[in-house]
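Trainee: Sharing a structure with you now.
The values are calculated or read from the model by the stated rules, or taken from the named source; none is laboratory data. Small disclaimer: the values here were computed from a predicted structure and weren't measured. Counting neighbours? That spans all protein chains shown, and the Cβs are built from the backbone with ideal geometry, glycine included. Note: areas computed on protein heavy atoms with side chains; ligands, DNA, RNA excluded. Shrake-Rupley method; radii C 1.70, N 1.55, O 1.52, S 1.80 Å.
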Amino acid sequence: MSGCKLTFYGGVNEVGGNKILLEDAGARIFLDFGRGFSRRAKFFEEYLKPRSANGLVDFIEMGLIPEVEGIYREDLMEMAGKKAGAPTVDAVLVSHAHADHVDYISFLHRDIPVYMGSTCHSILKAIQERAPRDFEREVLDFVPRPSKRGTRHVERKIETFRSGKKFKVGSLEIKPIHVDHSIPGAYGFIIYTSSGAVVYTGDIRLHGTKPEMTREFVDEAKASKPVALICEGTRLIDLPVLESEPLVYRHSNALVAGHPNAPVFADFNFKDMDRLRTFYRVAKENGRKLVVKLKDCYYLKQLSKDPNLGIPNYDDKDIVIYKPKQVSGTYADGDYYGEDANFAALPNAKTAAEISKNPSRFLCAFGYFGFAALIDMKPPPGSLYIHSASEPYNEEMTLSQDRVNNWLDKFSMERHQIHCSGHAKSPDLFHVVKEMDAGMLFPVHTQHPEMYVKATRKMVVIEESKTYSL
Ligand SMILES: [Zn+2]
């Protein structure tokens with residue numbers, strides 16, 4: 001018996017980009033297949049992109065995806081002058097819908113089934129509807145390349161699961177269990193292999209709105225007596241701070257209540273439903289309506305269908321849709337497609353001029369990428385900008401923050417930082433690792449795996465592409 005083997009092709013000494021191959025008794029599965037943002041940014045940026053006309057050559061040559069036989073799309077391998085065989089992998093398990101965990105599923109062979117939670121599926125649908133097709137973001141379906149007019153898209157084989165319900169892939173039995181993270185539909189996995197249970201956390205936190213979900217996962221994982229734990233470590237070197245979603249609510253609410261006449265702009269990730277509910281509530285309790293961007297209506301439309309999420313739909317009485325300015329038939333703020341026109345035609349859609357006539361009645365959910373609207377809205381000095389996302393942790397983000405600050409200076413706006421992270425703080429991570437007491441710990445999704453020596457002596461310093469036998 002050779003036993004279970006793990007190979008890490010991404011998420012090694014980097015935050016995100018997880019691509020973990022698990023092989024056991026003839027079954028082969030990937031845990032996530034995400035885009036490594038920092039890895040991509042090392043070589044590419046806005047106007048220098050990996051070339052799609054080259055198939056997967058640029059991605060493989062520059063180390064953005066691994067050279068593994070029989071996993072990629074036939075069309076992209078042919079374009080790269082390589083042969084694509086029948087798929088050699090039985091499944092991909094998706095932990096959650098963040099791009100650094102799912103984006104490069106776009107390149108995988110059409111016959112490889114993709115397993116995800118049903119809420120995760122809804123979120124990915126909204127992401128796909130919200131933006132024009134992008135070569136690096138074709139998770140649920142893809143257009144075979146080189147595409148011509150009328151080339152039909154190919155639907156992937158999507159299998160949805162529910163928390164606690166086991167399913168089988170070949171000889172492997174897999175139990176997904178919900179966890180709390182900054183996006184709904186997030187899961188950890190317990191995979192029963194011939195060597196014992198292998199646990200994968202995905203991204204987790206214990207200070208969020210539903211810590212009991214992560215607790216349930218940790219308890220079950222511990223009970224499985226894991227031989228291996230693959231654990232995230234995003235915030236291993238951050239100093240613990242007092243943070244929670246109720247605190248985000250309390251601070252934002254006090255701030256908005258203290259500035260009854262000021263226009264308010266809240267900058268947060270719209271896929272974070274906790275945060276969306278927080279600002280929806282802050283708006284309502286201060287007699288304001290939450291102004292959302294046209295594109296964000298796709299999320300509201302998809303996710304308001306799920307009664308467990310408690311998300312308002314785009315036509316809710318306390319939601320206003322920001323209607324971008326139209327200049328000779330096109331929108332001044334960018335390109336809009338498909339259903340955008342329907343959203344813009346709704347009675348609760350309002351223009352910048354309409355909103356700025358009475359700004360104290362609105363709370364605008366606008367991030368930096370919506371800042372062009374400020375030119376049309378002309379917010380008066382002293383308007384509030386609430387940055388409700390993580391502080392910059394790399395050079396690119398620092399540059400963006402400088403640019404944000406230039407906009408704030410230009411309009412004499414006040415900046416406030418109010419946030420609660422999607423990732424567990426280090427004491428919580430150490431606690432989880434100690435509690436599960438796995439035979440081996442494989443730290444992923446972190447730039448500082450070595451910090452885990454504080455919690456266990458069974459830590460493996462992962463070498464990328466090396467295969468570990470359990
Ligand atoms: Zn995540």
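Trainee: Give me the accessible area per residue for the range 284-379, probe 1.4 Å, as a whole number in Å².
Mentor: Per residue, the range 284-379 has an accessible area of 47 Å².
Trainee: Tilt of helix 245-257 relative to the longest C-alpha principal axis of the chain, in degrees (0 to 90, nearest 10)?
Mentor: For 245-257 against the chain, the angle is about 10 degrees.
Trainee: Further question: Output wanted: per-residue J couplings in Hz (rounded whole) for the range 299-312, from phi through Karplus 6.51 cos²θ - 1.76 cosθ + 1.60, θ = phi - 60°, x for Gly and Pro.
Mentor: For the range 299-312, the Karplus curve yields 5, 4, 4, 6, 8, 5, 5, 8, x, 5, 8, x, 9, x Hz.
Trainee: Angle check, please: helix 118-130 long axis (alpha carbons) against the longest principal axis of the chain (alpha carbons), in degrees 0 to 90, nearest 10.
Mentor: 50 degrees
Trainee: If I compute solvent accessible area with a 1.4 Å probe over the protein chains, what percent of it on the chain is carbon and sulfur?
Mentor: 50 percent
Trainee: Grab the beta carbon distance between Glu435 and Ser194, set R0 = 30 Å, and tell me the FRET efficiency rounded to 0.05.
Mentor: Approximately 0.75, to the nearest 0.05.
Trainee: Quick one: which of 257-265, 435-443 comes out on top by average Cβ neighbours within 10 Å, and what's the full order, highest first?
Mentor: Output ranking for 257-265, 435-443: 435-443, 257-265.
Trainee: Using mean Cβ contacts within 10 Å as the protection proxy, how do 207-218, 298-309 order, highest first?
Mentor: Order by mean packing, descending: 207-218, 298-309.
Trainee: With both bridge residues required to lie in the chain, what share of the DSSP beta bridges run antiparallel, to the nearest 5%?
Mentor: 50 percent
Trainee: Compute log10 of I(q)/I(0) for the chain with the Debye formula, placing one identical point scatterer on every Cα and leaving out solvent, at q = 0.06, 0.13 Å⁻¹, to two decimals.
Mentor: Log-scaled intensity ratios, in q order: -0.28, -1.27.
Trainee: If you don't mind, another one. Place the peptides 101-108, 276-283 in order of packing, highest mean first, counting for every residue the other Cβ atoms within 10 Å and averaging per peptide.
Mentor: Top of the packing list down: 101-108, 276-283.
Trainee: Moving on. Using all C-alpha to C-alpha distances in the range 72-115, build P(r) with 5 Å bins and read off the rounded percent in each one.
Mentor: Result, from short to long distances: 6, 23, 27, 21, 14, 8, 1 percent.
Trainee: Please find the FRET efficiency linking Leu48 to Ala345, where r is the Cβ-Cβ separation and R0 is fixed at 45 Å, and quote it to the nearest 0.05.
Mentor: My answer for the efficiency is 0.70.
Trainee: List the residues, sorted by chain then number, that are 5 or more residues from Ile230 or on another chain and whose placed amide H is less than 5 Å from its amide H.
Mentor: Val199, Tyr200, Thr201, Phe442
Trainee: Still on this structure, please answer the following. Accessible area per residue, 1.4 Å probe, Å², for the range 110-175: what's the number?
Mentor: Roughly 53 Å² per residue, with all protein chains present.
Trainee: Between the helical axis of 426-436 and the dominant principal axis of the chain, each derived from Cα atoms, what acute angle in degrees is found, rounded to the nearest 10?
Mentor: Around 30 degrees separate the two axes.
Trainee: Right, another one. Non-local amide H neighbours of Met459 (under 5 Å, H modeled in plane, Pro and chain starts lacking H): which ones?
Mentor: Under 5 Å from the amide H of Met459 lie the amide H atoms of Leu441, each far enough along the sequence or on another chain.
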